[in-house]
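The values are calculated or read from the model by the stated rules, or taken from the named source; none is laboratory data. In this text, all values refer to a predicted model and were calculated from it rather than measured experimentally. Backbone-built Cβ (ideal geometry, glycine too); neighbour counts: all protein chains shown. What goes into the accessible areas is simple: the full protein's heavy atoms, side chains included, and nothing from ligands, DNA or RNA. Shrake-Rupley method; radii C 1.70, N 1.55, O 1.52, S 1.80 Å.
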Amino acid sequence: MTNTAVMTPAAKLSAKLPLPLKRLADLAYNYWWSWANGHVSLFQNINPDEWQRSGHNPVALLESASYERLTQLAEDPLYLKRLQGLATQFDRYMQETDTWASRVAPQLSQEHPVAYFCAEFGIHESLPVYSGGLGILAGDHLKSASDLGVPMIGIGLLYRQGYFHQRLNRNGWQEDYYTDNPFEQMPLELMTNAEGEPITVQLQIRQRMVKIQIWRVQVGRVKLYLLDTDREDNDPIDRWLTGHLYGGNQETRIAQEVVLGIGGVKAVQALGIEPTVYHLNEGHAAFCLLELSRLEVQRTSKSFYDIEASVRDRCVFTTHTPVPAGHDVFSADLMDSYFASFWPELGLSREQFLSLGARRLGDPWEPFGMTVLALRLCRGANGVSELHGQVSRKMWSILYPDRPEDKVPISHITNGVHARTWTAPLLSDLYAQYLGENWSARVVDPQMWAGVDQIPNEELWSRHQILKERLVAHTRFKVKASRQGRGEEPDQIHAADHLLDPNILTIGFARRFSPYKRGALLLRNAELALQIFGNSDRPVQIIFAGKAHPADEEGKRIIQRLMEWCRHHAIRDRVAFIEDYDIYTAQKLIQGVDVWLNNPRRPLEASGTSGQKVCFNGGLNCSVLDGWWCEGYQVGPDGKGLNGWAIGEDANTSDQELQDRIDSESLYRLLTEEIVPLYYDQDANGIPHGWIQKMKASIKTNSVAFNTDRMVADYVRQMYAPGAVVNAEPILASALA
């Protein structure tokens with residue numbers, strides 16, 4: 001008889017299912033299902049309403065399903081055939097050993113993987129431990145590592161309440177609220193020993209010993225380990241260390257980063273894993289470098305300066321922001337309160353220890369910088385686009401006074417997106433017809449993408465229009481629910497049923513509402529904006545989504561201004577704001593819009609990835625030449641954008657008012673003189689052939705470069721295994737993906 005105390009959650013769930021459906025449990029506990037063909041309907045068909053209520057959580061769905069419904073499915077031959085097909089595909093994927101990475105970098109192994117540290121991971125909306133771009137990038141990184149067979153583990157935090165939820169009151173002001181994540185009903189497994197007891201690690205925080213337990217999430221072939229302090233044997237204040245993502249004050253932030261960095265190294269040890277490379281994705285995890293150093297000093301009995309090089313050889317670092325506020329720094333007093341007992345274990349004085357994170361050595365007022373620590377103790381560092389690499393070298397040149405700026409050792413690896421997650425199934429099916437069944441395994445092949453030209457314009461446009469109709473339906477549903485929640489008048493609630501029109505040129509703008517992202521730039525000339533969006537002959541509509549950080553009052557005011565605009569009588573059916581932006585809404589937006597608008601102040605967008613997702617779905621970018629778009633934008637023979645549009649000038653200015661004026665005027669001109677006329681230049685059947693040619697150019701030129709298969713391969717080549725010989729080996733993800 002099986003000992004239920006040590007049964008895995010998947011095994012427990014399987015035991016509740018009828019025999020023909022038991023493989024559903026294996027699929028539910030591995031997020032591979034979220035990017036496999038035919039994944040959604042397999043779970044959704046069990047109970048569509050519960051699928052919606054559960055936040056698309058397959059474990060919660062199966063736990064709540066009635067036995068009567070399950071037995072109905074167990075005798076449905078069509079359903080069982082689909083389940084068996086997906087289970088077979090899953091087994092082949094998981095058991096595959098001849099992968100791209102095994103051929104290119106055999107020195108990376110499951111016994112000695114890459115340990116990828118990040119404060120947030122955006123795997124799926126049912127695992128809400130992400131806030132935005134950094135987390136989504138980290139999730140896509142793990143997925144492509146799995147597809148390419150790169151031995152990797154993820155290390156992060158499991159937040160009891162995650163990032164905040166957003167609702168807007170009747171004045172359009174953002175209100176923040178939190179809900180508990182039901183860990184016991186999520187695709188998570190608490191790591192336990194042979195006796196079924198949780199595996200824990202212990203570390204000192206605020207002069208108290210804190211126990212950390214470890215949860216595991218399966219992301220294809222990659223294991224993601226999430227650390228959790230919410231245990232009954234911890235002090236109540238310490239239980240909330242992993243309560244919120246990016247919440248609290250500086251005390252909370254430094255404590256969380258101690259848990260992530262030092263606790264993360266301890267957790268890896270407790271699990272018996274010996275990474276060959278530690279990859280710090282942003283500076284939040286930089287304290288892991290101190291713990292690695294402490295362990296090495298302890299192991300060798302050598303001084304810190306004697307072991308420093310060996311620690312550096314195992315660590316690489318990616319910086320994600322050119323915005324100073326995005327780089328965590330802590331006062332010397334705060335470092336004293338957390339590390340006073342730590343630096344003696346490194347054999348360092350207080351001054352020597354604090355100098356590891358100081359930009360200016362010898363300055364007693366200099367704070368301790370996490371990015372500085374990472375740059376000092378990692379053998380490799382990179383920005384996330386070509387321009388961001390340049391900006392980062394300038395920003396951190398102070399650490400390298402003996403080198404010219406262009407020799408500062410910070411390279412770049414431009415971000416990408418996981419094609420199999422973000423491409424709409426309707427488009428994926430179209431690509432399979434014209435590019436080959438295994439198109440998603442060959443996304444870095446330009447010859448394959450050339451086949452996009454063979455897709456009939458009518459077929460591409462038809463599928464794009466269906467996706468836009470789906471986006472409009474989703475927007476109406478969300479806006480109506482928000483209006484009901486605010487207690488608006490019945491006529492306003494019912495008006496949401498007629499919001500937007502799928503036949504109208506549709507723009508999407510969704511991101512964190514931070515002032516530098518200029519969410520209201522489109523409204524700078526309110527009269528002209530009303531003319532564009534209120535035009536009856538060639539109408540334009542726009543959908544906004546995104547959150548402002550709870551402490552960002554200016555960001556909240558931008559949202560409030562947009563909500564006021566949404567209510568303007570002349571355009572209220574053409575402007576919408578979707579509350580509580582998440583991965584699911586992001587998918588609907590990037591798959592359904594005609595144009596993706598991005599207008600940050602240059603050069604403050606490190607890379608950006610939302611616009612890259614749009615490209616895989618035939619949408620077009622209209623963006624400031626910042627981040628990845630500097631590399632993606634191409635000009636045609638006519639001097640205009642070949643694959644999208646560039647806002648403003650390729651120049652920097654410290655005069656924000658001037659830049660805002662230049663960029664807003666450029667945006668209005670592009671809309672009125674190029675974008676709107678091209679969209680409405682349609683034949684008798686409503687097909688805009690010139691627009692579709694631009695769509696095809698965007699798909700061909702951008703999809704091949706801005707994907708995480710290429711990105712992860714670059715990390716293998718440049719950061720994880722720089723000695724690997726890869727030139728002769730094409731980047732080919734698992735054909736079973």
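See the values below:
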{"read-out": "Search result, residues across region 487-515 that are open to solvent by less than 30 Å² (accessible area, probe 1.4 Å) and of a type in the set (A, V, I, L, M)", "value": "493, 496, 499, 500, 504, 505, 507, 510"}
{"read-out": "Total residues in region 2-52, condition more than 27 Å from residue 428 (Cβ to Cβ) and assigned to a loop (DSSP other than H, G, I, E, B)", "value": "8"}
{"read-out": "Count - residues of region 30-53 that are open to solvent by 30 Å² or more (accessible area, probe 1.4 Å) and farther than 16 Å from residue 89 by Cβ", "value": "8"}
{"read-out": "Extreme residue, nearest to the chain's Cα centre (by Cα), among residues of region 525-556 that are under 28 Å from residue 672 (Cβ atoms) and open to solvent by 60 Å² or more (accessible area, probe 1.4 Å)", "value": "525"}
{"read-out": "Filter result for residue 98 (touching a Pro at 6+ places or on another chain (Cβ under 6 Å) and either more than 21 Å from residue 581 (Cβ to Cβ) or open to solvent by 10 Å² or more (accessible area, probe 1.4 Å) (or both))", "value": "no"}
{"read-out": "Elements of type strands (runs of 3 or more DSSP E) in region 140-231, at least 3 residues being more than 20 Å from residue 248 (Cα to Cα) and in contact (Cβ under 8 Å) with a residue 12 or more places away in the chain", "value": "152-157, 200-205, 208-219, 222-228"}
{"read-out": "Helices (runs of 4 or more DSSP H) within region 641-713 that include 2 or more residues open to solvent by 20 Å² or more (accessible area, probe 1.4 Å) and either acidic (Asp, Glu) or at pLDDT below 95 (or both)", "value": "656-670"}
{"read-out": "Exclusive hit being out of contact with any Cys (no Cβ under 6 Å at 6 or more places or on another chain), buried (at least 16 other Cβ atoms within 10 Å of the Cβ) and at pLDDT below 95, set 108, 70", "value": "108"}
{"read-out": "Criterion violated by residue 114 - all others in (1) touching a residue at least 40 places away in the same chain (Cβ under 8 Å); (2) over 30 Å from residue 197 (Cα atoms) satisfied", "value": "(2)"}
{"read-out": "The one condition in (1) surrounded by 19 or more Cβ atoms within 10 Å (Cβ to Cβ); (2) assigned to a loop (DSSP other than H, G, I, E, B) that residue 586 fails to fulfil", "value": "(2)"}
{"read-out": "Sole exception among (1) free of Cβ contacts under 8 Å to residues at least 60 places away in the same chain; (2) out of contact with any Asp or Glu (no Cβ under 9 Å at 6 or more places or on another chain); (3) surrounded by 15 or more Cβ atoms within 10 Å (Cβ to Cβ); (4) part of a helix (DSSP H, G or I) for residue 484, by number", "value": "(3)"}
{"read-out": "Helices (runs of 4 or more DSSP H) wholly inside region 64-138 containing at least 2 residues that are within 18 Å of residue 220 (Cβ to Cβ)", "value": "77-95, 100-104"}
{"read-out": "Complete set of residues in region 567-578 that are surrounded by fewer than 20 Cβ atoms within 10 Å (Cβ to Cβ) and among the hydrophobic types (A, V, I, L, M, F, W, C)", "value": "570"}
{"read-out": "Residue 377 open to solvent by less than 10 Å² (accessible area, probe 1.4 Å) and either touching a helix residue (DSSP H, G or I) at 6+ places or on another chain (Cβ under 7 Å) or at pLDDT below 95 (or both)", "value": "yes"}
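Yes/no per residue for (1) over 24 Å from the mean Cα position of the chain (by Cα); (2) among the aromatic types (Phe, Trp, Tyr); (3) closer than 22 Å to residue 27 by Cα:
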| position | (1), (2), (3) |
| --- | --- |
| 89 | yes, no, yes |
| 97 | yes, no, yes |
| 129 | no, no, yes |
| 136 | no, no, yes |
| 147 | no, no, yes |
| 174 | no, no, no |
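This table checks each residue for (1) of a type in the set (Phe, Trp, Tyr); (2) in contact with a Pro (Cβ under 8 Å, 6 or more places away or on another chain); (3) in contact (Cβ under 8 Å) with a residue 24 or more places away in the chain.
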position: 234; (1), (2), (3): no, no, yes
position: 259; (1), (2), (3): no, no, yes
position: 268; (1), (2), (3): no, yes, yes
position: 271; (1), (2), (3): no, no, yes
position: 276; (1), (2), (3): no, yes, yes
position: 281; (1), (2), (3): no, no, yes
position: 284; (1), (2), (3): no, no, yes
position: 291; (1), (2), (3): no, no, yes
position: 309; (1), (2), (3): no, no, no
